[in-house]
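Notes for the one structure printed next.
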Amino acid sequence: MELELRHLRVVCRVADTGSVSKAAAALGVSQPSLTAQLHRIEDAIGGPLFLRGPYGVVPTPLGRHVLGRARAMLADMDDLVGSSRRYTGGSGPLRLGSVRTVMFGAWLSRLEELLPGREISTQVDTSCAVLTELLAADVVDVVMLGRCDDAHAPPCPAGVVEQTMVYPEPFAIALPATHRLAREPEIKLEDLAGDIWICPPAGKEDGDLAALRDACEAVGFTPQFRYSNLDSAEIEQLIGEGRGISLCAPTVRPIPSAVVRPLVGRPVLWRRALRWRPETINQPEVDLIHQAFVDIYRATITENAAAQPWWQTHPEAHPVIHDPS
């Protein structure tokens, strides 16, 4: 078998997700099919690229070598294809990247209302780092990030502009309904020192874990992480089963057998922002994307967060929404 670019994308996706099953889901194929394809790729290269560990798959030394070369080759090809669009005469589809969010479907529908007749293609990933790389490689025109503070988040690449839509967005904590603090109206972060924390959804590290660790250590403890490489549904199931706790955005939907409570002092803040390269998308279009998002964000807050019993009495836990200027 001769290696093709699509095979290199498979290798990179497995590495980014840390799981063959999650890579298969992201690529839209079955796990057995992707496993068989990965074996063929390894046969073509001449050795195993991944080893299975307690927290998913990890690259072998050969795998790390291949990943380094593959990412460089894919970035070059994506840059070639993307930059060539400037000479084809048409505007082409709007290439939108986004972190995973409960608002994605409604946001996309609102965008189609505001941009009638414009084709929209999408790339969705859990990691702001991956989305920023896609933007830098000209695979997408604009990305929506839900990111941590500047000290930990992936920086803007050269030539990329960022526009804030929601900040600050104070994160809350999702607890099992049987948790000892479940009846409290608000929770101090330091009171969670003995709990098991569930990692954010699987994907390439983008600073979120480091930001949480720093916030916890600032109040005297290091968080214990026991579960990783999970998707949002699996995280919610573990919380409901009493297996751990997790940070959550104020837009989170009700979680069965769990409660959501604000954290005293807002120790973890997020920023919802757009990043784009001005040579591929103009400011009026960016502002329409921005407006579509904040429209859906407000509706989601009203539906989910405003139903929480503590919402009206804790205005400091409310996010600040910024309309396009």
Exercise. Output the helices (runs of 4 or more DSSP H) that fall wholly within region 4-49 and possess 1 or more residues being touching a Gly at 6+ places or on another chain (Cβ under 7 Å) and touching a residue at least 60 places away in the same chain (Cβ under 8 Å), or say none.
Key: 5-17
Quiz item: Would you say Ile255 is free of Cβ contacts under 8 Å to residues at least 40 places away in the same chain and either open to solvent by less than 30 Å² (accessible area, probe 1.4 Å) or β-branched (Val, Ile, Thr) (or both)?
Solution: no
Practice problem: Would you be able to say whether some residue in region 304-319 is closer than 27 Å to His152 by Cα, within 22 Å of the chain's Cα centre (by Cα) and assigned to a loop (DSSP other than H, G, I, E, B)? | Solution: yes
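Conditions tested, residue by residue: (1) open to solvent by 10 Å² or more (accessible area, probe 1.4 Å); (2) touching a helix residue (DSSP H, G or I) at 6+ places or on another chain (Cβ under 8 Å); (3) of a type in the set (Val, Ile, Thr).
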site: Leu108; (1), (2), (3): yes, no, no
site: Ile120; (1), (2), (3): yes, yes, yes
site: Gln123; (1), (2), (3): yes, yes, no
site: Val142; (1), (2), (3): no, yes, yes
site: Pro168; (1), (2), (3): yes, no, no
Quiz prompt | Counted residues, region 278-303 - those being part of a helix (DSSP H, G or I), open to solvent by 30 Å² or more (accessible area, probe 1.4 Å) and either over 16 Å from Ser109 (Cα atoms) or not aliphatic (A, V, I, L, M) (or both) | solution = 9
Quiz prompt | Some residue of region 267-277 being surrounded by fewer than 20 Cβ atoms within 10 Å (Cβ to Cβ) and at pLDDT below 95 | solution = yes
Quiz item: Quick check, is Glu133 assigned to a helix (DSSP H, G or I) and at pLDDT 90 or above?
Solution: no
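The values are calculated or read from the model by the stated rules, or taken from the named source; none is laboratory data. What you see is a predicted model, and the numbers here were worked out from it, not measured in a lab. Ideal geometry is used to build each Cβ from the backbone, glycine not excepted, and the neighbour counts take in all protein chains shown. These accessible areas exclude ligands, DNA and RNA; they are computed on the full protein's heavy atoms, side chains included. Shrake-Rupley method; radii C 1.70, N 1.55, O 1.52, S 1.80 Å.
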